[in-house]
Amino acid sequence: MLGEVLTRLSPAPRIERPTAQVVPFELGKNLVIAAVTAGLVANMDLTGWTDGALLGLALWIAFPVVVLASSVFHENVPVKLAALHAGDWLAKLLIIAITVAVWT
C-alpha cells in the first residue's frame with residue numbers, strides 16, 4: 001500500500017521479488033510473530049483486548065522501535081523511512097497481540 005513512499009524514502013535500490021516468493025516469506029514471518037505472541041499471552045495469563053494491546057505496545061517498544069532507532073543513529077537510515085516501518089510494526093503487533101489475547 002505504501003510501496004511508492006517506501007521506494008522514495010529508501011536509499012537502497014528496491015528489489016522487486018515475485019509474489020510467489022513474497023507471500024510465503026511474509027506468512028512465515030508473521031506466523032513466527034503470532035506463535036511467540038501466543039506463547040507470551042498464554043504464559044502471562046493475559047485475556048481481553050486491553051491486555052493484548054499493552055503487550056503489543058510493549059513488544060513494539062522493546063524490539064522494532066529499538067532496532068529502527070539504532071538504524072537511524074548508526075546507519076543513517078532516514079527518519080521518515082524508519083517511521084514508516086515503525087508504523088507497520090505497531091499495527092502488526094497490536095493486531096496480533098489483541099487477536100491472540102481475545103481468542104484465548
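The values are calculated or read from the model by the stated rules, or taken from the named source; none is laboratory data. Nothing here was measured: the structure is a model prediction, and the numbers come from that model. Glycine gets a Cβ as well: all are built from the backbone with ideal geometry, and neighbour counts include every protein chain shown.
Check off (1) farther than 17 Å from T104 by Cβ; (2) at pLDDT 90 or above for G48 and give me the number that stays unchecked. Of (1) farther than 17 Å from T104 by Cβ; (2) at pLDDT 90 or above, only one is false for G48: (1). Among all positions in the stretch 16-33, there is at least one residue which is surrounded by 13 or more Cβ atoms within 10 Å (Cβ to Cβ), out of contact with any Ser or Thr (no Cβ under 8 Å at 6 or more places or on another chain) and of a type in the set (A, V, I, L, M). Being among the charged types (D, E, K, R), in a helix (DSSP H, G or I) and modelled with pLDDT under 95 is true for just one of E16, E4. Which residue is that? Among E16, E4, only E4 is among the charged types (D, E, K, R), in a helix (DSSP H, G or I) and modelled with pLDDT under 95. When the stretch 71-87 is limited to residues that are without any contact (Cβ under 8 Å) to a residue 40 or more places away in the chain and surrounded by 14 or more Cβ atoms within 10 Å (Cβ to Cβ), the one that is farthest from K29 (Cα to Cα) turns out to be V72. From the list A91, A53, A58, A62, the one residue that fits, being in contact (Cβ under 8 Å) with a residue 40 or more places away in the chain and on the phi < 0 side of the Ramachandran plot, is A53.
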